[in-house]
Amino acid sequence: MIAFVSGPVAAVSPGSAVVEVGGVGMLVHCAPATLAALRVGEPARLATSLVVREDSLTLYGFADDDERQTFELLQTASGIGPKVAQAMLAVHSPETLRIAVARGDAKTLTAVPGIGPKGAQKLLIELKDRLGAPTGALPAQQHAVAARPAPWSEQLHAALVGLGFAPREADEAVTAVTPEAEAQARPDVSALLRSALRTRNRSR
């Protein structure tokens with residue numbers, strides 16, 4: 001198993017990044033919030049999980065080990081593959097998911113595109129004894145984003161478009177979370193992305 005990749009970022013696209021490791025470019029599929037913290041030409045370290053299929057080897061990247069572990073635990077639930085697990089982490093931090101499962105909060109899970117009320121209830125049952133108790137951990141990537149301040153609105157807009165939102169929808173989502181961003185000394189793009197996704201999901 002490839003536990004992590006570390007090296008300069010060679011490329012960043014809406015759904016993935018290429019990290020140069022020992023002269024080899026490793027293609028790593030990441031959630032938009034993770035990609036928003038990466039810069040081409042700068043060093044990065046991503047925790048990774050290798051998903052093996054009969055016809056493919058796919059590497060998924062995360063901001064930290066907590067995200068990676070949660071990604072793998074989510075897939076132990078029936079009907080949850082790597083894409084849905086990644087979508088869950090794009091909307092909610094691992095800690096938010098732990099809290100939701102501990103409280104039996106199906107509404108939080110239905111904020112993830114593709115998970116309906118029945119699916120959420122099933123996940124609450126299956127994940128109850130798997131994700132573990134809430135730890136009070138900081139939101140994923142807070143430190144990564146804060147370490148290199150950047151125009152949060154542009155990063156957030158790019159992340160939403162990468163998730164499949166139309167530019168106009170992305171603009172509306174950015175506007176919706178602007179008060180939250182302005183209340184922060186250094187806007188946390190990861191947290192803002194989750195807020196934007198929840199806002200857009202409620203309006204649909």
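The values are calculated or read from the model by the stated rules, or taken from the named source; none is laboratory data. Predicted, not measured: the structure shown is a model, and the values here were computed from it. Neighbour counts run over all protein chains shown; Cβ positions are idealised from the backbone, glycine included. Accessible surface areas use protein heavy atoms only, side chains included; no ligands, DNA or RNA. Shrake-Rupley method; radii C 1.70, N 1.55, O 1.52, S 1.80 Å.
Within the stretch 17-42, restricting attention to residues that are part of a strand (DSSP E or B) and without any contact (Cβ under 8 Å) to a residue 24 or more places away in the chain, the residue that is surrounded by the most Cβ atoms within 10 Å (Cβ to Cβ) is VAL18.
Taking the stretch 120-171 as the range and being of a type in the set (S, T, N, Q) and at pLDDT below 80 as the test, the residues that pass are THR135, GLN141, GLN142, SER153, GLN155. With respect to the conditions (1) in a strand (DSSP E or B); (2) without any contact (Cβ under 8 Å) to a residue 24 or more places away in the chain, PHE71 lacks only one, and its number is (1). Look at the stretch 193-204: where a residue is modelled with pLDDT of 65 or more and hydroxyl-bearing (Ser, Thr, Tyr) and a partner is in a helix (DSSP H, G or I) and open to solvent by less than 40 Å² (accessible area, probe 1.4 Å), sitting 6+ places away or on another chain with Cβ atoms under 7 Å, you get SER195/VAL177; THR199/ALA173; THR199/VAL177.
Looking across the stretch 64-86, the residues that are of a type in the set (S, T, N, Q) and either buried (at least 22 other Cβ atoms within 10 Å of the Cβ) or within 12 Å of the chain's Cα centre (by Cα) (or both) come down to THR70, GLN86. Note on the stretch 97-119: residues that are among the β-branched types (Val, Ile, Thr), at pLDDT 90 or above and surrounded by 22 or more Cβ atoms within 10 Å (Cβ to Cβ) amount to 1.
Any chance the stretch 173-186 includes a residue that's of a type in the set (S, T, N, Q), open to solvent by 30 Å² or more (accessible area, probe 1.4 Å) and modelled with pLDDT of 80 or more? Yes: the stretch 173-186 contains one or more residues that are of a type in the set (S, T, N, Q), open to solvent by 30 Å² or more (accessible area, probe 1.4 Å) and modelled with pLDDT of 80 or more. In the stretch 43-63, the residue that is farthest from GLY22 (Cα to Cα) out of those that are open to solvent by 40 Å² or more (accessible area, probe 1.4 Å) and assigned to a strand (DSSP E or B) is ARG53.
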